[in-house]
Amino acid sequence: MLTKTLLRSATTQAVSRFGIRCYAQLPLRVPVKMPNGIEYEQPTGLFINNKFVRSKQGKTFEVISPATEEEITHVYEAREDDVEEAIQAADAAFKSGVWSQADPLVRANALNKLAGYIEENIDTVASIETLDNGKAISSARGDVQLVINYLRSCAGWCDKVDGRMINTGSTHLSYTLRQPLGVCGQIIPWNFPLLMWAWKVGPALATGNTVVLKTAESTPLSALYVCQFVAKSGIPPGVVNIISGFGKIIGEALTTHPKIKKIAFTGSTATGRHIYQNAGQNLKKVTLELGGKSPNIVFADADMKQTVQNIILGIYYNSGEVCCAGSRVYVEESAHDLFLEELKTAAEGLKVGDPFDESTFQGAQTSQMQLSKILKYVEIGKEEGATLVTGGERLGNKGFFVKPTVFGDVKEDMRIVKEEIFGPVVTVSKFRSIAELIELANDSEYGLAAGIHTTNINKAIEVSNKVNAGTVWINTFNDFHHAVPFGGFNASGIGREMGSEALENYTQVKAVRVKLTLEGKS
């Protein structure tokens with residue numbers, strides 16, 4: 001097992017089913033053999049100036065497999081001095097103009113190449129996501145395809161980020177420019193490690209910025225792995241810097257540093273509020289993609305079998321660790337009993353377990369902490385008087401697995417209805433009218449997403465216009481596309497990911513006004 005402090009002995013010895021070895025000093029790459037037989041070398045260092053480097057203090061931290069609770073490896077832990085080095089590298093790269101002032105086609109080519117390298121290694125990258133995060137391999141493979149698509153989409157925007165001419169009469173030439181901000185600090189979560197990496201890095205690079213990105217401490221491996229393609233893609237040193245470590249140290253350093261001009265964060269609403277306060281000290285530009293408690297609405301005229309599958313995808317996809325998960329289901333009263341029975345049957349039929357099994361739908365929760373939180377909420381729900389329809393138990397005694405859980409007979413003031421659980425737990429309620437439904441759906445501090453299931457398009461449009469949510473899915477759920485913006489209302493965040501809206505988060509507008517001397521006039 002790799003130790004957190006440097007070992008005195010220079011002897012190496014094999015440990016764990018993943019083929020990791022112990023060293024006197026952690027190498028910058030370690031061999032890993034995954035349960036599906038894929039072998040690769042995992043970078044362990046901080047990625048600064050296009051090189052993997054050891055942290056200055058030499059400290060490391062453990063990364064474990066959520067499915068087996070066994071150690072995968074250690075990686076180097078960044079501290080304040082490492083953050084400073086990364087920021088200085090990013091600042092120097094930005095000021096040099098090697099990226100910020102490059103021909104847009106140079107940036108586009110580099111992003112396309114980066115997407116291509118990831119595509120060439122899609123099986124390995126997806127397997128790393130599954131190993132590190134615990135999600136089902138089928139979900140991980142879908143995530144990586146979204147990464148590839150989004151990076152290519154960002155490449156297509158590189159030469160389209162421009163200003164406009166403004167007609168102010170014949171005496172002046174007036175126009176605007178959209179220019180990059182500078183060094184962008186980015187903090188990503190553990191539920192979609194590589195997808196969030198792409199959602200942050202892609203638009204920042206397309207618009208000419210440089211980045212210092214902090215991975216989630218429980219899932220740093222895939223982001224570090226794809227960094228080996230950065231230099232090969234033609235991205236200059238200092239443009240992309242990736243550091244692993246803990247939020248209380250790295251997050252604080254990034255959000256308060258005067259050279260960081262923008263902060264992008266995905267995570268909990270509580271942490272988002274703290275980051276917003278920190279960033280405000282230096283008036284940084286901020287985007288926050290935060291928590292959710294999304295309503296998923298079922299009308300009696302919906303195609304019930306397809307709707308149940310949409311609900312399943314909305315709450316149990318990615319083990320329920322989705323910020324926009326449809327965790328509050330509202331069913332029209334006349335269809336409630338039939339729907340609840342079909343949902344119970346479908347939930348109990350899901351395969352939960354080994355995430356490397358291609359037939360598994362729901363893998364492991366990402367950490368022991370998250371597993372404990374979910375099970376605690378199950379107990380809270382029962383204590384509050386809700387009916388546990390199915391699930392609510394840990395599955396097995398090794399690995400962080402939870403049975404898909406459904407609660408019925410809930411009241412709107414219950415904690416399991418109000419608070420984000422971030423796991424495979426859904427509540428089911430009744431409604432009688434659209435007016436009542438809208439009141440129920442909007443009775444939340446959040447506003448990230450919503451789902452509507454009906455065969456009546458007029459009804460779907462009416463409800464989608466009235467529900468407070470940044471994204472509304474109709475007869476589908478968790479259905480992302482790289483061209484469609486994603487973000488929340490209210491406590492679910494500020495700003496948008498993806499689409500042209502994401503580019504606005506990484507640029508600032510400069511107005512230029514030139515007074516003209518007209519011929520024949522002085």
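FYI, it's all coordinate maths here, none of it is from the lab. Being a predicted model, the structure only gives us computed values, none of them experimental. Using ideal geometry, Cβ is built from the backbone for each residue, glycine included, and neighbour counts are taken over all protein chains shown.
Could you tally the net charge around A511, taking each other residue with its Cβ under 12 Å from the Cβ of A511, Lys/Arg +1 and Asp/Glu -1?
+4
Filter the trypsin sites (Lys or Arg not before Pro) in the range 146-223 down to the DSSP loop ones having no more than 15 other Cβ atoms within 10 Å, then list what survives.
For trypsin sites (Lys or Arg not before Pro) across the range 146-223 that sit outside H, G, I, E and B with at most 15 neighbouring Cβ atoms in 10 Å, the list reads K160, R164.
When the dipole is taken about the Cα centre of the chain, and only Lys, Arg (+1) and Asp, Glu (-1) are charged at their Cβ, what size is it in debye, to the nearest 20?
Computed charge dipole of the chain: roughly 2020 debye.
How large is the charge dipole for the range 357-450, taken about the Cα centre, if only the Cβ atoms of Lys, Arg (+1) and Asp, Glu (-1) carry charge, to the nearest 20 debye?
Dipole size: approximately 320 debye.
Please sort 420-429, 53-62 by packing, taking for each peptide the average over its residues of neighbouring beta carbons within 10 angstrom, highest first.
Going by the mean number of other Cβ atoms within 10 Å, highest first, we get 420-429, 53-62.
Report the antiparallel proportion of the DSSP beta bridges in the chain as a percent, rounded to a multiple of 5.
45
Mind checking the dipole of the range 295-483: about its Cα centre, +1 per Lys or Arg Cβ, -1 per Asp or Glu Cβ, Debye to the nearest 20?
340
Any chance you could check the Cα centroid distance between the range 288-338 and the range 110-170 for me, in angstrom?
Computed from Cα coordinates, the inter-centre distance equals 28 Å.
Loop only by DSSP, 16 or fewer other Cβ within 10 Å of the Cβ. Give me the trypsin sites (Lys or Arg not before Pro) in the range 419-522 that pass, ordered by residue number.
Counting only loop positions with at most 16 other Cβ atoms within 10 Å, the trypsin sites (Lys or Arg not before Pro) in the range 419-522 are R432, K521.
Can you give me the distance in nm between label points at V514 and S268, each placed 7 Å from the Cα along the Cα-to-Cβ direction?
With each label placed 7 Å out from Cα toward Cβ, I get 5.4 nm.
Given the pairs K51/K113; K200/K285; K382/K403; K135/K376; K135/K284, which span a C-alpha to C-alpha distance of over 23 angstrom in this model?
K135/K284
Name the residue from Y377, Y330, A483 whose Cα lies farthest towards the positive end of the charge dipole of the range 295-483, charges +1 on Cβ of Lys and Arg and -1 on Cβ of Asp and Glu.
Among Y377, Y330, A483, the one farthest towards the positive end of the dipole of the range 295-483 is Y377.
Find out how many positive minus negative residues lie around A126, taking Lys and Arg as positive, Asp and Glu as negative, among other residues whose Cβ is under 12 Å from that of A126.
In short, -4.
Got a sec to turn the phi values of the range 283-296 into Karplus ³J(HN,Hα) couplings, 6.51 cos²θ - 1.76 cosθ + 1.60 with θ = phi - 60°, whole Hz, x for Gly and Pro?
Once θ is set to phi - 60°, the couplings for the range 283-296 become 6, 6, 6, 9, 10, 10, 10, 10, x, x, 8, 6, x, 10 Hz.
Using θ = phi - 60° and the Karplus curve 6.51 cos²θ - 1.76 cosθ + 1.60, what whole-Hz ³J(HN,Hα) does each residue of the range 469-478 get, with Gly and Pro shown as x?
7, x, 9, 10, 9, 10, 6, 6, 6, 6
Each residue of the range 394-405 in order: what ³J(HN,Hα) in whole Hz does its phi give by Karplus 6.51 cos²θ - 1.76 cosθ + 1.60, θ = phi - 60°, with x for Gly and Pro?
Result, ordered by residue: 6, 9, x, 10, 9, x, 9, 9, 10, 5, x, 10 Hz.
For D81 and S359, what is the calculated FRET efficiency with R₀ set at 45 Å and r taken between the beta-carbons, to the nearest 0.05? The partial results should precede the final answer.
On the way: r = 47 Å, r/R0 = 1.05.
Step by step, r from the Cβ atoms, then E = 0.45.
Which value at 222 nm does the chain reach when only helices count, each DSSP H run of 4 or more adding -39,500 (n - 2.57), with the total divided by all residues and rounded to the nearest 500 deg cm²/dmol?
On the way: 15 runs with 177 residues, N = 522.
Result for the chain: -10500 deg cm²/dmol, rounded to the nearest 500.
For a protection proxy built on the mean count of beta-carbon atoms within 10 angstrom, sort 87-99, 131-143 highest first, please.
Ranking, from highest mean packing down: 131-143, 87-99.
At most 13 other Cβ atoms within 10 Å and a DSSP loop assignment: could you name the GluC sites (Glu not before Pro) in the range 267-369 that fit?
Sparse-neighbourhood loop GluC sites (Glu not before Pro): E358.
Just to confirm a number: summing +1 for Lys and Arg and -1 for Asp and Glu over residues other than Q145 whose beta-carbon lies under 12 angstrom from that of Q145, what do you get?
Summing Lys and Arg as +1 and Asp and Glu as -1 gives -2.
I'd like to know which of A206, G116, S492 lies farthest towards the positive end of the charge dipole of the chain, counting +1 on Cβ of Lys and Arg and -1 on Cβ of Asp and Glu.
Sorting the options by dipole projection puts first A206.
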